[in-house]
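Trainee: I'd like to ask some things about the structure below.
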Amino acid sequence: MTPPPAVAEPPSRPALALEQPVSRGDRVRDVIQAAILDARLPQGTPLVERELSAMLGVSKTPIREALKQLQSSGLVVSTAYQGMRVRVLDAAIVREVTDARLAVEPQAVRMAINSRGASRFEEARGLLARTEALVSADDTAELSVTNRAFHRCLYAACGNDLLIDFLDKLQALSSFIATAGWHVQATYDEELTEHTRLLEAFERADVESATTLLRSHISTAAAGTLRALENGSHA
């Protein structure tokens, strides 16, 4: 009996790298986002590719990529007649973002606590420590980003990718709303205290206290920004 022909071994495949380098567009996005959050690029400022390219010393391609990402996040808007510009904050978008967060974020935190149980949360504690340092430095742009990272740290522990993705999409606008309020009245000391109390409740698995504190925290911050808008004083 003739033995079956030998089966050739499949060619080896190259290893795939999971981590990709940060693109120039991402770095440009971060720089423009920081300038929007600390009002170096005030609300309503036109964002002209040629001018941004000259200011940042890069070609128009990463500028265009960055602006598309910022438009997707809600910080930048585009119109047929005015082109790209920094969003002008209004009461409607503050209420929409706040209502969306109130509807979803406390539930995600509830699920996270039920999943983790009572335990120390080192990552969140590290973000609180960084927040404290940024409050002392009065670095509002980076402080806002770190505050959002703290919130994400808590809600991402729920493990539900759909909830996490939904809340992630609100992150940039949440930062924008927070910094707009801070330009009128700096409340980040009080917010640091609120974050500390929230984390303490989270770590001892006190679901009701944690979700109540979170709702109050979100609502109070939005109310301050709304008052500033109603008084006609915004960044």
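The values are calculated or read from the model by the stated rules, or taken from the named source; none is laboratory data. Please read these numbers as outputs of a predicted model, since none were measured by experiment. We place every Cβ from the backbone using ideal geometry, glycine too, and count neighbours over all the protein chains shown. To get the accessible areas, we keep the full protein, side chains included, count just its heavy atoms, and leave off ligands, DNA and RNA. Shrake-Rupley method; radii C 1.70, N 1.55, O 1.52, S 1.80 Å.
Trainee: Scan the stretch 65-104 for residues that are open to solvent by 60 Å² or more (accessible area, probe 1.4 Å), of a type in the set (A, V, I, L, M, F, W, C) and within 16 Å of the chain's Cα centre (by Cα) and report the count.
Mentor: Residues in the stretch 65-104 being open to solvent by 60 Å² or more (accessible area, probe 1.4 Å), of a type in the set (A, V, I, L, M, F, W, C) and within 16 Å of the chain's Cα centre (by Cα): 0 in total.
Trainee: Please go through the stretch 153-167 and pick out each residue that is touching a helix residue (DSSP H, G or I) at 6+ places or on another chain (Cβ under 7 Å) and either in a helix (DSSP H, G or I) or farther than 18 Å from Gln107 by Cα (or both).
Mentor: Of everything in the stretch 153-167, those that are touching a helix residue (DSSP H, G or I) at 6+ places or on another chain (Cβ under 7 Å) and either in a helix (DSSP H, G or I) or farther than 18 Å from Gln107 by Cα (or both) turn out to be Cys153, Leu154, Tyr155, Ala156, Leu163, Ile164, Phe166, Leu167.
Trainee: Here's another thing I want to ask about it. For the stretch 181-193, how many residues are over 18 Å from the mean Cα position of the chain (by Cα) and either open to solvent by 50 Å² or more (accessible area, probe 1.4 Å) or acidic (Asp, Glu) (or both)?
Mentor: 7
Trainee: Of all residues being under 24 Å from Leu229 (Cβ atoms) and among the charged types (D, E, K, R) in the stretch 143-180, which is least open to solvent (accessible area, probe 1.4 Å)? Just the residue, please.
Mentor: Top of the filtered list is Arg148.
Trainee: Determine the pairs where a residue that is assigned to a loop (DSSP other than H, G, I, E, B), located within the stretch 59-88, has a partner that is open to solvent by 40 Å² or more (accessible area, probe 1.4 Å) with Cβ atoms under 6 Å apart, the partner being 6 or more residues away or on another chain.
Mentor: If the second residue must be open to solvent by 40 Å² or more (accessible area, probe 1.4 Å), the pairs left are Leu75/Arg87; Arg87/Val77.
Trainee: From the list Glu123, Glu142, exactly one residue is in a helix (DSSP H, G or I) and at pLDDT 95 or above. Which is it?
Mentor: Glu123
Trainee: Checking Leu127 against (1) out of contact with any Phe, Trp or Tyr (no Cβ under 7 Å at 6 or more places or on another chain); (2) in contact (Cβ under 8 Å) with a residue 24 or more places away in the chain, only one condition comes out false. Which one?
Mentor: (1)
Trainee: While we're on this one: Just to be sure, is Val135 open to solvent by less than 70 Å² (accessible area, probe 1.4 Å) and at pLDDT 90 or above?
Mentor: So Val135 fails the test.
Trainee: Within the stretch 181-208, how many residues turn out to be over 21 Å from Leu229 (Cβ atoms), of a type in the set (Ser, Thr, Tyr) and in contact with a Leu (Cβ under 9 Å, 6 or more places away or on another chain)?
Mentor: Adding up the residues that qualify gives 1.
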